[in-house]
Amino acid sequence: MNSLVRPLNVAQFADYVQVKPKTVYKWISQNRCPQITRIGREIRFQPEHIQQWLDAQSEEQVSA
């Protein structure tokens with residue numbers, strides 16, 4: 001049985017990637033973060049999008 005993993009809000013995502021929420025908002029404005037989902041004024045990050053983004057970041061650093 002698959003367990004549902006809840007989307008993260010900005011503060012939770014920032015904590016997960018060990019940056020300040022202000023940095024996450026900057027990334028959002030620069031389109032440098034995982035795909036976001038807006039629910040009203042709230043921003044959420046889907047776990048699968050976070051993992052894809054982290055994988056892409058790792059690949060960029062390896063090839064640099």
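Computed from the coordinates by the stated procedures, all read-outs in this text should not be read as laboratory data. Since this is a predicted model, take the numbers as computed values, not measurements. When we count neighbours, we look across all protein chains shown, and the Cβ atoms used for this are built from the backbone with ideal geometry, even at glycine.
Can you list residue pairs whose Cβ atoms sit under 6 Å apart, with the first residue in the range 9-27 being within 14 Å of I43 (Cβ to Cβ) and the second being of a type in the set (G, A, S)? Count only pairs 6 or more apart in sequence or on different chains.
P21/A11; P21/A14; V24/A14
Mind listing just one residue for me: the one in the range 14-64 that is outside any helix (DSSP H, G or I) and within 9 Å of the chain's Cα centre (by Cα) and, of those, surrounded by the fewest Cβ atoms within 10 Å (Cβ to Cβ)?
Q35
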